[in-house]
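Structure record follows, encoded as structure tokens.
Readers should treat all values here as calculations from the given coordinates under stated rules, not as data from a laboratory. It should be emphasised that the depicted structure is a prediction, and the values quoted were computed from it without experimental measurement. Quick reminder, even Gly has a Cβ in these numbers, built from the backbone with ideal geometry, and neighbours come from all protein chains shown.
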2 protein chains.
Amino acid sequence: MSDGVADRLKWDERGLITTVVQDASTQQVLMVAWTNAEALNLTVQTGEAHFWSRSRSELWHKGATSGHVMRVREVRVDCDGDTLLLLVDPAGPACHTGQTSCFFRSIHEVQIN
Amino acid sequence: MSDGVADRLKWDERGLITTVVQDASTQQVLMVAWTNAEALNLTVQTGEAHFWSRSRSELWHKGATSGHVMRVREVRVDCDGDTLLLLVDPAGPACHTGQTSCFFRSIHEVQIN
């Protein structure tokens, strides 16, 4: 990662940044999680996605337990610097339910005639 | 939208839910914004993406000024109900910079040999 990039990101009042995770091959959006500075550093250093778990208040190496790690191909940041996009190669389902993506429920769908 | 869906979403302490916007055709992740209950209702009723602008503290009909509205094909919710994914057909660039996606900056990229 370029020097000083983390300094230019807009971390929220908890020191976190919203992070979208997308499959680099299928382009499916897999999940949304939160990253703090330490997690971002670990993601870049190890090449595997790390997040901050708000529910457990701890660093979260995705897949450390399940084996479903995510190899990170690229980290992007949005125009105003307050959201990250990780492009990853997942070793298994992203969702704790076993679904490929956490976004498996549709709540509204437009019928195309 | 099914009755009562909005009641089952996990709105944050500000009454907002993180919303990822993805191009339904190209699968490119375009932007991340915030939705409140009124914005979600308007999105479903009008078929065009509405958000809550945190910087302006107002309802935001995406494209109302620029003409770059987003027709919404589908609204998905993640496993724990605290993030939405909109699949859209955008009428123009999503980003205020004129870029197709707000995620046009890479801050880390793994070289594939």
Boolean, B:V69 is under 14 Å from A:H108 (Cβ atoms) and of a type in the set (V, I, T): no
Selection within the stretch B:25-67 - out of contact with any Phe, Trp or Tyr (no Cβ under 7 Å at 6 or more places or on another chain) and of a type in the set (V, I, T): B:T26, B:V32, B:T43, B:V44, B:T46, B:T65
Subset of the stretch B:9-59 [farther than 15 Å from B:V75 by Cβ and of a type in the set (G, A, S)]: B:G15, B:S25, B:S53, B:S55, B:S57
Candidate set: the stretch A:89-113, residues that are within 10 Å of chain B (Cβ to nearest Cβ) and aliphatic (A, V, I, L, M); chosen: the one surrounded by the most Cβ atoms within 10 Å (Cβ to Cβ): A:A94
Residues satisfying the stated conditions in the stretch B:59-71, i.e. among the polar types (S, T, N, Q) and facing chain A (nearest Cβ under 9 Å): none
Qualifying positions in the stretch B:43-58 - over 17 Å from B:K10 (Cβ atoms), more than 9 Å from chain A (Cβ to nearest Cβ) and within 13 Å of the chain's Cα centre (by Cα): B:E48, B:A49, B:H50, B:F51, B:S53
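Condition check ((1) aromatic (F, W, Y); (2) over 18 Å from A:V32 (Cβ atoms)) across all residues:
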{"position": "B:L16", "(1), (2)": "no, no"}
{"position": "B:V32", "(1), (2)": "no, no"}
{"position": "B:T35", "(1), (2)": "no, no"}
{"position": "B:E38", "(1), (2)": "no, yes"}
{"position": "B:G81", "(1), (2)": "no, no"}
{"position": "B:L87", "(1), (2)": "no, no"}
{"position": "B:P93", "(1), (2)": "no, yes"}
{"position": "B:Q99", "(1), (2)": "no, yes"}
{"position": "B:F104", "(1), (2)": "yes, yes"}
Residue pairs meeting the criteria (Cβ under 6 Å; at least 6 apart or on separate chains; first closer than 24 Å to B:E13 by Cβ and in contact (Cβ under 8 Å) with a residue 24 or more places away in the chain, in the stretch A:10-25; second assigned to a loop (DSSP other than H, G, I, E, B) and of a type in the set (A, V, I, L, M)): A:I17/A:L9
Residues (facing chain B (nearest Cβ under 8 Å) and out of contact with any His (no Cβ under 6 Å at 6 or more places or on another chain)) located in the stretch A:72-83: A:V72, A:R73, A:E74, A:R76, A:V77, A:D78, A:C79, A:D80, A:T83
Failed criterion for B:L16 (all others in (1) surrounded by fewer than 17 Cβ atoms within 10 Å (Cβ to Cβ); (2) under 28 Å from A:Q99 (Cα atoms) hold): (1)
Filtered residue count, the stretch A:2-30, keeping only those that are at positive phi and within 9 Å of another protein chain (Cβ to nearest Cβ): 1
For B:A33: the one exception among (1) in contact with a Pro (Cβ under 9 Å, 6 or more places away or on another chain); (2) closer than 22 Å to A:D12 by Cβ: (1)
